[in-house]
Amino acid sequence: MIDEKKLISSIKLGGGNKDFKILYDYYYPGLYQFCYSYVKSSEIAREIVHDSFVRLWENRDRLDESRSAKNYLFTISRNQLIKEIRRQMKNPLLRDYIEFAGGIGTDARIMYDYDTFVAGVEKAKMALSPRQREIYVKNKEEGIPVKEIASELGIGEQVVRNQLSAALSKVRAVLVRMFGNIDEIIIISIVILWEICRKSFSGML
Amino acid sequence: MIAYMKELLRKYKEGSISVEEFDALAYRIERTPDDVIGSILAEDWNDCSQGGMPPGRKRRKISGILRKYSFWTGLAACLFLAVSAVLFMRLADYEAKLSLMASREVTVRSGNAGQSSVVLPDGTNVILNARSAITYSSDFCAGDRTVTMSGEGFFDVAKDHGRKFIVIAPDMEIIVHGTKFNVYAYPESEYSEMSLVEGSVSIGCKGSIIPVSPNEKVILSRKTGKFSVSRTDNELETSWMKDRIVFVHEPLSHVVEVLERRFGVQINCDSGISLSDRYTGTFKDCSLTDIIDVLRMHYGFSYRIKDNHIILTH
């Protein structure tokens, strides 16, 4: 255990970076893992944790030794974390990842997490034509329904649907190539099933 | 209702949630006010084990304090502690802890490139990869043999049935009886791992102990704090010691790190280069420019070399 009270009062009294660093090293991994488990993105998690420590440092003169740093860090990071959770819950890409992750093994999920998936999708998007990319981004990343995209672009709904389905199969093909080493057969069969389901439901989209 | 949401959140955190459940969770979160979500998070945060400081650091700090005093104070402390230790032994088994506190530490650091070899007082052989360090106390041979390390190292542990050999890496503790294994634990990496070549070890982390058999490796993700155990032929894990560099489905960012360590250079990548692109390949007796040339063809980037700096541009 670290002597937290002593650290907090020393930090409060203008004590050095050194004591703050001890506190930082002690709490960083736990807070990072906590935030990551809720937002699934290392970039967002790092940002929340970093901001929290910055705010703790900026308000160091108002610290109260009787409260624990664990308590402080949570209070500081809570609102930003809730905001990011709400945002991730509406993120179509995260939903796509969960659908994708459902098909790979538990071990593979550790290596192929949401961050890897997003990087894969980013790469896959390069293979799309500009029109396809525009429709893909609007629908899959901004969550705009097919109907609205059609009226916005002044084209038929069926055209949007066709473009979207072509874009999706290209993206999946790249993903399969990227994640190919793990469980290629399983993924390919999921993709095929996915496409079949999508095709049969496309009338209802 | 809240109980169901908590259950869904748990599955989401673990990564075992289905799409249907995720939709249900998103629906509920959207309709739940901040203070309710806040109290669920608070409960979860309080259940979390405090902080994440590796077990080895505390001891290092104590001897750091001792180092500030003079040799004679140290010697007096040693004698005092040795006497106390004998006295205490009858009451409780404090001896190991006290002698650890009284010891001085020896740290061996490897350079920016290549490897260094260290022989510990008990005859254990350690090969350190670049930018790695190993620390052991001067009374290493007294109780359990404990070393602290960061970076990457290959251990060939001398057999000693009486005393355990313990490696403390940033996120894990490895408990050994005469064996060969590789530890990868660079602080800047997203994961640390231990792969076992011979013998048997147990890994301790956050209260759980995982036994490991030969040709198995344990990977700890720093994102989730979770372990996974998988099979390996140790070819990839120990390739850094041979004149070969092996990459199996590794992202470019990792390839760059390995080359930096092997050749002691700094490699900077332009933002146009996708660091998550994966690479598979083996290089044998290759110079740095040979390897960069192969990667250049594979990824289609261009590069320039200036002293110890290599800049990759799209």
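The values are calculated or read from the model by the stated rules, or taken from the named source; none is laboratory data. This one's a predicted model, so the numbers in the text were calculated from it and none came from an experiment. Positions of Cβ are backbone-derived with ideal geometry, glycine not excepted, and every protein chain shown enters the neighbour counts. Note: accessible area is taken over every heavy atom of the protein model, side chains too, but ligands, DNA and RNA are not part of it. Shrake-Rupley method; radii C 1.70, N 1.55, O 1.52, S 1.80 Å.
Among the listed residues B:ASP233, B:ASP285, B:ASP243, which satisfies the condition of being acidic (Asp, Glu) and at positive phi? Walk me through it before giving the result.
Working: B:ASP233 fails: at positive phi; B:ASP243 fails: at positive phi.
So the residue among B:ASP233, B:ASP285, B:ASP243 that is acidic (Asp, Glu) and at positive phi is B:ASP285.
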note = When restricted to A:TYR38, A:TYR28, A:TYR32, the only residue part of a helix (DSSP H, G or I) and closer than 17 Å to B:ALA42 by Cβ is A:TYR38
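For the range B:123-136, how many residues meet the condition of being free of Cβ contacts under 8 Å to residues at least 60 places away in the same chain and either open to solvent by 30 Å² or more (accessible area, probe 1.4 Å) or assigned to a strand (DSSP E or B) (or both)? Give the steps one after another, and end with the answer.
Quick first cut of the range B:123-136, residues free of Cβ contacts under 8 Å to residues at least 60 places away in the same chain only: B:123-126, B:128, B:132-134, B:136.
Keeping just the survivors that are either open to solvent by 30 Å² or more (accessible area, probe 1.4 Å) or assigned to a strand (DSSP E or B) (or both) gives B:123, B:125-126, B:128, B:133-134, B:136.
Of the residues in that region, 7 qualify.
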query = In the range B:29-43, which residues are more than 9 Å from chain A (Cβ to nearest Cβ), assigned to a helix (DSSP H, G or I) and open to solvent by 40 Å² or more (accessible area, probe 1.4 Å)?
reply = B:ASP35, B:SER39, B:GLU43
task = Give me a count of the residues in the range A:152-189 that are at pLDDT 75 or above and open to solvent by 60 Å² or more (accessible area, probe 1.4 Å).
result = 7
ask   = From the list A:VAL121, A:VAL54, which one is over 14 Å from the mean Cα position of the chain (by Cα) and either at the interface with chain B (Cβ under 7 Å from one of its Cβ atoms) or of a type in the set (A, V, I, L, M, F, W, C) (or both)?
value = A:VAL54
message = I need every pair where a residue in the range A:134-148 that is at pLDDT 85 or above has its Cβ under 7 Å from the Cβ of a residue that is open to solvent by 60 Å² or more (accessible area, probe 1.4 Å), sequence separation at least 6 or different chains.
response = A:VAL146/A:GLU157; A:VAL146/A:LEU205; A:LYS147/A:GLU157
remark   = Of the residues in the range B:196-239, those that are small (Gly, Ala, Ser), over 15 Å from B:ILE168 (Cα atoms) and within 16 Å of the chain's Cα centre (by Cα) number 3
task = Determine if the range B:291-301 includes at least one residue that is in a strand (DSSP E or B) and either of a type in the set (S, T, N, Q) or open to solvent by 50 Å² or more (accessible area, probe 1.4 Å) (or both).
result = no
task = Could you list all residues from the range B:257-295 that are away from chain A (no Cβ under 14 Å), of a type in the set (Ser, Thr, Tyr) and under 25 Å from the mean Cα position of the chain (by Cα)?
result = B:THR282
ask   = Restricting the search to the range B:277-290, which residues are open to solvent by less than 60 Å² (accessible area, probe 1.4 Å) and outside any helix (DSSP H, G or I)?
value = B:ASP277, B:ARG278, B:TYR279, B:GLY281, B:PHE283, B:CYS286, B:SER287
message = Quick test of your reading of the structure: A:TYR36 fulfils all but one of (1) open to solvent by 60 Å² or more (accessible area, probe 1.4 Å); (2) modelled with pLDDT of 90 or more. Name the failing condition by number.
response = (1)
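Sort through B:SER213, B:SER228, B:SER271 and tell me the only one that's of a type in the set (S, T, N, Q), at pLDDT 80 or above and open to solvent by 50 Å² or more (accessible area, probe 1.4 Å).
B:SER213
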inquiry  = For the range B:189-206, which positions are in contact (Cβ under 8 Å) with a residue 40 or more places away in the chain and outside any strand (DSSP E or B)?
reply    = B:SER189, B:LYS206
note = Scanning the range A:1-19 for residues that are under 25 Å from B:LEU41 (Cα atoms) and in a helix (DSSP H, G or I) gives A:GLU4, A:LYS5, A:ILE8
ask   = Inside the range B:137-173, can you point out the residues that are open to solvent by 30 Å² or more (accessible area, probe 1.4 Å), of a type outside the set (Gly, Ala, Ser) and in contact with a Pro (Cβ under 8 Å, 6 or more places away or on another chain)?
value = B:CYS141, B:PRO170, B:ASP171, B:GLU173
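Answer yes or no as to whether A:ARG60 is of a type in the set (Lys, Arg) and without any contact (Cβ under 8 Å) to a residue 40 or more places away in the chain.
Details: of a type in the set (Lys, Arg): yes; without any contact (Cβ under 8 Å) to a residue 40 or more places away in the chain: no.
Against the criterion (of a type in the set (Lys, Arg) and without any contact (Cβ under 8 Å) to a residue 40 or more places away in the chain), A:ARG60 does not qualify.
Considering only residues that are of a type in the set (A, V, I, L, M) and more than 13 Å from every other protein chain (Cβ to nearest Cβ), which ones fall in the range B:188-219? Walk me through how you get there before you give the answer.
To start, the set of residues in the range B:188-219 that are of a type in the set (A, V, I, L, M) comprises B:194, B:196-197, B:201, B:203, B:209-210, B:212, B:218-219.
Across the range B:188-219, the qualifying residues are B:MET194, B:LEU196, B:VAL197, B:VAL201, B:ILE203, B:ILE209, B:ILE210, B:VAL212.
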